[in-house]
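Take a look at the structure set out below.
The values are calculated or read from the model by the stated rules, or taken from the named source; none is laboratory data. This structure is a prediction, so every number in the text was calculated from the model and none was measured. FYI the Cβ positions are ideal-geometry reconstructions off the backbone, even for glycines, and counts take in every protein chain you see.
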Amino acid sequence: MNLVVQGAGLEKAGAGEIARLAGGRHAEEVAPHAYRVRNVGRTEALGPWCEERKLDHAWMPEGRRFADLKLLAMDMDSTLITIECIDELGDLAGKKAEIAAITAQAMRGEIEYRESLRQRVRSLAGLPESSLNTIYEQRLKLTPGAEKLVDICRKNAVKLLLVSGGFTFFTDRLKARLGLDHTIANVLEIKSGKLTGALVGEIVDADAKAAGFRDVMRSLNATQDQGVAIGDGANDLKMMKEAGFSVAFRAKPVVQAQAGCALNWSGLDAVVNLFE
């Protein structure tokens, strides 16, 4: 296996210590603050060492090249962007605390996603349609490294899929803004310029995310190893299991435990450094 360690605080001296801990001969720099140690075995001592220094580490099979990928899929809320849009809409409705609490439970896998979403959306009934634009214009921020990751995907002809349990109002705008290839999300019902508290059509839950990922992979004639999925919540897990490699990005413990690796400190562009 190859070991990849990265983080803002990682310098060359630290890379030497990583090589020693991993039993490798040399740590090669793959990007600023990112190093790879080749052909080493897993060691339990490395995890606590990295955690103490706020560094991310991952074990990657030899020969996994980013240029060989065909699809990179990612969640939107708290992954591509820094906020949970539904929580921010709840803030405008004066119900942020109760909605955010339900969101957190759903992301940890403690409650059923579909009903949790219906419950949260019902709390938004009566909000003016303009609230959506307020969130997009004033509160929605891209996660650090997001634009760089998208740019590198484009340069390597890797298609981009944004899969969200959130809303098409936001995914449509991010698709146009970033040049994404595919998006899947829920549709809010709006009548007379106000949110009704209902959704239109089928809910995008964990099964729908996984199905969407499979559909795009089939359309690209891609093998499982040519797909990567990135997520943070329990409703991303089924999609992540469809991919050849999965990344838990600043994710809930249940997701980190099942993903190929976890990135807790680095930006989204750190995904690229995992590959050769």
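Worth pointing out:
- Residue in segment 23-40 that is of a type in the set (Phe, Trp, Tyr), under 18 Å from residue 269 (Cα atoms) and in contact with a helix residue (DSSP H, G or I) (Cβ under 7 Å, 6 or more places away or on another chain) present: yes
- Here residue 170 passes the criteria (1) of a type outside the set (Lys, Arg); (2) under 19 Å from residue 103 (Cβ atoms); (3) part of a loop (DSSP other than H, G, I, E, B) except the one numbered (3).
This table checks each residue for (1) in contact with a Cys (Cβ under 6 Å, 6 or more places away or on another chain); (2) buried (at least 20 other Cβ atoms within 10 Å of the Cβ); (3) aliphatic (A, V, I, L, M).
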| site | (1), (2), (3) |
| --- | --- |
| 158 | no, yes, yes |
| 164 | no, yes, no |
| 168 | no, no, no |
| 175 | no, no, no |
| 182 | no, no, no |
| 185 | no, yes, yes |
| 190 | no, no, yes |
| 196 | no, no, no |
| 199 | no, no, yes |
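- Flag for residue 115 being of a type outside the set (Gly, Ala, Ser) and modelled with pLDDT under 95: yes
- The single condition from (1) of a type outside the set (Asp, Glu); (2) over 30 Å from residue 205 (Cα atoms); (3) in the same structural domain as residue 152 (by TED's automatic domain parsing) that residue 100 fails is (2).
- Among (1) in contact with a helix residue (DSSP H, G or I) (Cβ under 9 Å, 6 or more places away or on another chain); (2) modelled with pLDDT of 95 or more; (3) part of a helix (DSSP H, G or I), the one test that residue 161 misses: (3)
- Total residues in segment 39-89, condition buried (at least 17 other Cβ atoms within 10 Å of the Cβ), in a loop (DSSP other than H, G, I, E, B) and either more than 19 Å from the chain's Cα centre (by Cα) or charged (D, E, K, R) (or both): 4
- Flag for residue 137 being acidic (Asp, Glu) and within 14 Å of residue 88 (Cβ to Cβ): yes
- Being in the same structural domain as residue 136 (by TED's automatic domain parsing) and modelled with pLDDT of 95 or more is a property that residue 75 has.
- All conditions but one from (1) surrounded by fewer than 20 Cβ atoms within 10 Å (Cβ to Cβ); (2) in a helix (DSSP H, G or I) apply to residue 117; the one that does not is (1).
- Residues that are in contact (Cβ under 8 Å) with a residue 60 or more places away in the chain, charged (D, E, K, R) and touching an Asp or Glu at 6+ places or on another chain (Cβ under 8 Å), drawn from segment 138-187: 148, 159
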